[in-house]
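Take a look at the structure set out below.
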Amino acid sequence: MKTYKQNRELVIPGELLAEGDYLLGEGTFRKEDKVYSSLLGLVDSKERFIKVIPLSGKYMPHPRDLVIGVITDIAFSNWSVDLNSPYTGIISISNATERYIENGEDLSKIYNIGDVVLAKVIDVSQSMVVGLTMKDRGLFKLREGRLITISPTKVPRVIGKQGTMVQMLKTMTGCKIVVGQNGRVWIDGKNANAAIEAVRLIEREAHTSGLTDKVKEFLEKELGSSASSNTSKLKPKKVEEKEEEKTDGKE
């Protein structure tokens, strides 16, 4: 077996990736004994497995995903939620809150149209109706703050390995940041503008190496001494990393 591309190397459709008995993942196809890319993306190969991570695309929901949704409609027994996806999310009364909802209660007092929520996907039906819950730990309505949308394929880079990138953003900007796996990012704090620009930088440069240093340098330039003083707090702690994975999504 032979590979022609390095991990995380940018490839275009039709580009030769490898030859031999590889197991094929998304974004690849085989012609005779050669493996080619079927889309624009980054190579990801491990031992006998190879795939291409797309650089753009719509969010496709999966159970246990943490998503940031916007309430778009209220029905008799549920709420419809926009997920930045071709498919609509549904929060049923039974999954809306821990407290008991009285029969005939005004559901807009719980979640109104336009409200932004951090929810978890619990199931996806064959007709692609996406069931959501608000009852797990760490799920809540996101008040105030600013909401931006990035490509869902760039979310792992914004979160970083074991949550390190998003933790750096939080520490250096002093902002509260929540990242949904559907490509939505909620940011609240006095340095929100700098945090948003940093996220946009990550989105643009997701395919490049040395991204952490680029983001750190950008924030130090934007925020000056306040960012520099916060940088000293960037010491990895296993407990914090695990908490980030629970709060901000999985890579």
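Bear in mind that the values in this text are calculations on the coordinates, not laboratory data. These figures come from a predicted structure and were not determined experimentally. Cβ coordinates were reconstructed from backbone atoms using ideal geometry, including for glycine residues, and neighbour counts include every protein chain displayed.
Quick notes on this one:
- Counting only DSSP beta bridges with both residues in the chain, the antiparallel share comes to about 90 percent.
- Normalising the average separation of contacting C-alpha pairs (under 8 angstrom, six or more residues apart) by the number of residues puts the relative contact order of the chain at 15 percent.
- For the chain, calculated [θ]222 nm from helices alone, where every DSSP H run of n ≥ 4 adds -39500 (n - 2.57): -7000 deg cm²/dmol
- Sorted by Cβ density within 10 Å, fewest first, the residues HIS62, HIS207: HIS62, HIS207
- The amide H of ILE122, built 1.01 Å from its N in the peptide plane, has ARG64, GLY131, LEU132, THR133 as neighbours under 5 Å, considering only residues 5 or more places off or on other chains.
- For PHE29 and GLU102, a Förster radius of 51 Å and the Cβ-Cβ distance give a FRET efficiency of 0.35, rounded to the nearest 0.05.
- Centre-to-centre separation between the Cα atoms of segment 98-138 and those of segment 141-174: 23 Å.
- Taking 0.36 nm per residue of separation and subtracting the Cα-Cα distance, full extension of the segment from LYS214 to ASP188 would add 7.1 nm.
- Violating pairs (Cα-Cα greater than 26 angstrom) within the set LYS120/LYS161; LYS120/LYS190; LYS190/LYS216; LYS135/LYS214; LYS2/LYS161; LYS51/LYS135: LYS120/LYS190; LYS135/LYS214; LYS2/LYS161; LYS51/LYS135
- Where a label projected 7 Å from the Cα of SER92 along Cα→Cβ would reach, residues of segment 111-132 with amide N under 16 Å: 120-132
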